[in-house]
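Here is the structure we will look at, set down as structure tokens.
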Amino acid sequence: MDKQVIQDNFRINKAIQYLDEVREISKSVTFLSHLGRPSGIDPEYSLKPVAEEISTLIKEEVIFIDTLYGPEVKSKIDSSPGRIFLLENLRFHNEELDNDIIFAEKVTNNFDTFILDAFGASHRNHASIVSFGKFIESYQGMLMTDEVQNLELLTDSPKKPFTVILGGAKISDKLNLINKLLPKVDNLLIGGGMCFTFLKALGFNIGNSLCEDDYLNTAQDVLDSEYGNKIILPSDIGVTKSISSGIRNEKHISELSDDDIGIDISHKTVRQFESLLLNSNTVFWNGPMGIFENHNFKFGTQSITEIASDLNAYTVVGGGDSVSAIRTFSDVSKFNHISTGGGASLEYLQGNKLPGVNIYKPLIL
């Protein structure tokens, strides 16, 4: 959401996926959610537009309540049985972030049952994630269970060959994931800004491309590790002298000049990645291959999106930017699973215990 305008309703669509089934067993249904990182109450982060978007999607008015607890909430819900409600942003209250027990009790006081379906926030130790169940009967929602089951297929028994595509800006964000996945994968294809830290570690001149110099030694250690030969880096790069110019050229990684900025992977690298993807039976993708938001630099990300869309492999996508790319260049229905949680999915694949996963018994309808 940007300035109270919803840019992408993917997560909203996923949140209402099982609404009809839940309504069959409940007198009324109330949604709770969070948005952004507001400092207290901030109209820019109000969930009112979300209520309007859900209303449009289900063709039924969703009643928005601009608070989280108290007699106003109870009065509105009790006076409109059978209706759907959305409460205001949980993060308007610092008590949510602090996992405040009193706050959790206040919010749950007007309800009988809680369904936790917020996989995207399941790695947070927040009140709505871990403490609501202390006060009312609580279940793990079907969306959450679906997320876990799909990610377990990657961590437990991926069908080989297993190929992972990683992009995005920083190696520091995905270093733990790389180390965790390398023993399990057959190929780890790296594009996006993070590839330049690896390339510089190998001794290539990367010009003015994005690089985390503090991680050069770490990148070299990964490349020199037992599984480092599974990492496939771009052989050629899309470059520009100025991002604002929109001018894109392609160069071999040994030919970059000091004023070149890497902004994409090249045609040759796309073909190289494609050959490995076509031979894969399981694929996980996280992170764009370049600055795809700029029309002039979208080639690599668009190409990988289109290739991944047509694979016969079991294909899972995690991460907000990757999802945006799919919705821009392809169709979400062409993928086996698209995670609603970028950070949460990466934490799960790293083998970390997520505070909100498997803490309640699964809801079965």
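The values are calculated or read from the model by the stated rules, or taken from the named source; none is laboratory data. Being a predicted model, the structure only gives us computed values, none of them experimental. A quick note on method: Cβ atoms are made from the backbone with ideal geometry, for glycine too, and the neighbour counts reach across all protein chains shown.
State which residue pairs qualify: first residue touching a residue at least 60 places away in the same chain (Cβ under 8 Å) and under 30 Å from residue 102 (Cβ atoms) and inside segment 135-151, second residue charged (D, E, K, R) and surrounded by fewer than 18 Cβ atoms within 10 Å (Cβ to Cβ) in any location, beta carbons under 7 Å apart, and separation of 6 or more residues or different chains.
Going by the 7 Å Cβ cut-off, the qualifying pairs are 139/361; 140/361.
Among helices (runs of 4 or more DSSP H) lying entirely in segment 64-108, which contain 2 or more residues that are without any contact (Cβ under 8 Å) to a residue 12 or more places away in the chain, acidic (Asp, Glu) and surrounded by fewer than 17 Cβ atoms within 10 Å (Cβ to Cβ)?
Values: elements: 71-78, 94-97, 101-108.
Correct list: 71-78.
Scan segment 152-175 for residues that are polar (S, T, N, Q) and without any contact (Cβ under 8 Å) to a residue 24 or more places away in the chain and report the count.
Going through segment 152-175, the residues polar (S, T, N, Q) turn out to be 155, 157, 163, 172.
From what's left, without any contact (Cβ under 8 Å) to a residue 24 or more places away in the chain: 157.
Count: 1.
Which condition from (1) farther than 27 Å from residue 130 by Cα; (2) in contact with an Asp or Glu (Cβ under 7 Å, 6 or more places away or on another chain); (3) of a type in the set (Gly, Ala, Ser); (4) touching a residue at least 60 places away in the same chain (Cβ under 8 Å) is the one that residue 339 breaks?
(1)
Only one residue in 189, 182, 116 is in contact with a Lys or Arg (Cβ under 8 Å, 6 or more places away or on another chain), of a type in the set (A, V, I, L, M) and either modelled with pLDDT of 95 or more or not assigned by TED's automatic domain parsing to the domain that holds residue 275 (or both), so which one is that? Don't jump to the end; show me each part of the working.
Working: 189 fails: in contact with a Lys or Arg (Cβ under 8 Å, 6 or more places away or on another chain); 116 fails: in contact with a Lys or Arg (Cβ under 8 Å, 6 or more places away or on another chain).
Residue meeting the stated conditions: 182.
On the given criteria, is residue 24 without any contact (Cβ under 8 Å) to a residue 12 or more places away in the chain and surrounded by fewer than 14 Cβ atoms within 10 Å (Cβ to Cβ)?
Working: without any contact (Cβ under 8 Å) to a residue 12 or more places away in the chain: no; surrounded by fewer than 14 Cβ atoms within 10 Å (Cβ to Cβ): yes.
Judged against the criteria, residue 24 is not a match.
Go through the residues of segment 126-137 one by one and say whether even a single one is at pLDDT 95 or above and over 23 Å from residue 94 (Cβ atoms). Steps first, please.
To start, the set of residues in segment 126-137 that are at pLDDT 95 or above comprises 126-137.
Next, from what is left, pick out any that are over 23 Å from residue 94 (Cβ atoms): 137.
Scanning segment 126-137 turns up at least one residue that is at pLDDT 95 or above and over 23 Å from residue 94 (Cβ atoms).
Can you name every residue in segment 308-335 that is polar (S, T, N, Q), surrounded by 15 or more Cβ atoms within 10 Å (Cβ to Cβ) and not in a helix (DSSP H, G or I)?
First pass over segment 308-335, keeping only residues polar (S, T, N, Q): 309, 312, 315, 322, 324, 328, 330, 333.
Remaining after also requiring surrounded by 15 or more Cβ atoms within 10 Å (Cβ to Cβ): 309, 315, 322, 324, 330.
Once the filter is applied, which keeps residues that are polar (S, T, N, Q), surrounded by 15 or more Cβ atoms within 10 Å (Cβ to Cβ) and not in a helix (DSSP H, G or I), segment 308-335 yields 315, 330.
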